[in-house]
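The values are calculated or read from the model by the stated rules, or taken from the named source; none is laboratory data. Remember, it's a predicted structure, so these values are computed and weren't measured experimentally. Heads up, the Cβs are rebuilt from the backbone with ideal geometry, glycines too, and the neighbour counts pull from every protein chain shown. Accessible surface areas use protein heavy atoms only, side chains included; no ligands, DNA or RNA. Shrake-Rupley method; radii C 1.70, N 1.55, O 1.52, S 1.80 Å.
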Amino acid sequence: MTLEVIKTIPVGGSPSRVALTPDGGRAYVLNGGGDSVSVISTVTNTVTTTIPVGDLPDSVAISPDGTRAYVTIENAGTVSVISTATNTITANIPVGDFAGGIALTPNGARAYVAAAHSPATSGDVVVIDTATNTVTATIPSSAATPIHLLTAVGGWDLKTVVAMKQEQPL
């Protein structure tokens, strides 16, 4: 198998992370230097719109049904909810000092957000109910700062794995 670049698509400043819709039709690219999200049609390989989101978008996750993109805004300490039908922000959810990694449960009912404190010696994992766009729980972490999250299903168990930035030896 040979891999090759078929097209380079210019987006905003300092592109960092990308998420695809479940059907693969669109890519949502975070532009940290441009404080925006570029939406790319994977059919035409062009940017269809650019959405201003706020100071330093950090991570992005797409809902399993493809109707929403969740973007953490690090310096605002919020999660912006974007309707993928209109590519507009429908909600901004406060989660703490610095919003980092985000992961959705496989059914899309909850989002887990890594939120560091200031100074960054501890943090929280914030749980969002995606039906109401409200914070339903905050799980403190005093040993280290959470930075990235992922979720996985094993049988009937849902597990959330948190990558921690270790500030000091245990």
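Here N107 fulfils each of the conditions (1) modelled with pLDDT of 95 or more; (2) open to solvent by 60 Å² or more (accessible area, probe 1.4 Å); (3) of a type in the set (S, T, N, Q) apart from (1). Screening S14, S80, S59, S63 for residues that are of a type outside the set (V, I, T) and over 13 Å from the mean Cα position of the chain (by Cα) leaves exactly one candidate, S14.
Just to be sure I understand the filter: pairs with C-beta atoms under 8 Å, separated by 6 or more residues or on different chains, first member in segment 34-51 and on the phi > 0 side of the Ramachandran plot, second member part of a strand (DSSP E or B). Which pairs pass? If the second residue must be part of a strand (DSSP E or B), the pairs left are D35/P52; D35/P57. Residues in segment 64-76 that are under 18 Å from S16 (Cα atoms) and open to solvent by less than 20 Å² (accessible area, probe 1.4 Å): A69, Y70, V71, T72, I73. In the set (1) crowded, with 19+ Cβ neighbours inside 10 Å; (2) more than 21 Å from G108 (Cα to Cα), Y28 fails one condition alone, (2). The residue of segment 128-146 that is farthest from A91 (Cα to Cα), among those that are modelled with pLDDT under 85, open to solvent by 60 Å² or more (accessible area, probe 1.4 Å) and part of a strand (DSSP E or B), is P140.
Within segment 41-52, not a single residue is within 18 Å of L104 (Cβ to Cβ) and open to solvent by 50 Å² or more (accessible area, probe 1.4 Å). P94 meets the stated requirement of being open to solvent by 20 Å² or more (accessible area, probe 1.4 Å) and under 15 Å from V135 (Cβ atoms).
Given V125, V162, which one is in contact with a Phe, Trp or Tyr (Cβ under 6 Å, 6 or more places away or on another chain), modelled with pLDDT under 95 and of a type in the set (V, I, T)? After ruling out the rest, the residue left standing is V125. Where strands (runs of 3 or more DSSP E) fall wholly inside segment 1-118, the ranges with 1 or more residues that are among the polar types (S, T, N, Q) are 15-20, 26-31, 36-41, 46-52, 57-62, 68-73, 78-83, 88-94. Answer with yes or no whether S38 is at pLDDT 95 or above and either surrounded by fewer than 21 Cβ atoms within 10 Å (Cβ to Cβ) or farther than 18 Å from T132 by Cα (or both). So S38 fits the description; yes.
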